[in-house]
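Encoded as structure tokens, the structure appears first; notes follow it.
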Amino acid sequence: MIGWGMRIEYHQTGGVVGGSWRAVIDTAELPPAKAQTLLRLVEDANFFNLPRGILRLPRLSTVDHFSYTISVMDGERKRRVQTDDIDMPAKLRPLVSYLFEHTRHDR
């Protein structure tokens with residue numbers, strides 16, 4: 001089971017303008033309902049069992065797509081996953097969507 005003191009580092013790059021932004025989230029600092037939602041999304045994505053790199057290379061440039069690096073630290077467990085809009089597994093999409101929507105103010 002995933003604990004309450006989880007730290008998530010989210011980095012998104014790309015898009016038409018080639019933007020880049022980062023966010024760091026610590027579930028211990030969130031309201032309980034938001035923390036629980038985020039913990040559930042990480043668990044539902046089976047994040048700690050995902051491959052570290054979910055990218056098919058080489059690839060032609062796709063300027064309107066985003067690339068993501070997500071790092072999750074939960075106690076002794078740590079995992080960093082890199083993916084993009086094209087190769088992202090379906091089970092990871094809800095977590096990435098949540099992070100995108102809830103970190104927009106950090107852009």
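Odds and ends about this structure:
- Residues of region 82-97 classified as buried (at least 19 other Cβ atoms within 10 Å of the Cβ) and farther than 20 Å from residue 18 by Cα, total: 2
- Any chance residue 105 is over 14 Å from the mean Cα position of the chain (by Cα) and either surrounded by 14 or more Cβ atoms within 10 Å (Cβ to Cβ) or modelled with pLDDT of 90 or more (or both): no
- Residue 93 vs. criteria more than 25 Å from residue 14 (Cβ to Cβ), modelled with pLDDT of 95 or more and assigned to a helix (DSSP H, G or I): no
- Subset of region 41-62 (residues that are at pLDDT 75 or above and closer than 12 Å to residue 92 by Cα): 41, 42, 43, 44, 45, 46, 47, 48, 49, 50, 51
- Check on residue 4, at pLDDT below 90 and under 16 Å from residue 102 (Cβ atoms): no
- The residue of region 1-47 that is farthest from residue 78 (Cα to Cα), among those that are crowded, with 16+ Cβ neighbours inside 10 Å and among the small types (Gly, Ala, Ser), is 14.
- Test: residue in region 15-28 that is under 17 Å from the mean Cα position of the chain (by Cα), modelled with pLDDT of 90 or more, in a loop (DSSP other than H, G, I, E, B) and on the phi > 0 side of the Ramachandran plot: no
The values are calculated or read from the model by the stated rules, or taken from the named source; none is laboratory data. The shown structure was predicted, so the numbers you read here are calculated from the model rather than taken from an experiment. Positions of Cβ are generated from backbone atoms using ideal geometry, with glycine treated the same way; all protein chains shown enter the neighbour counts.
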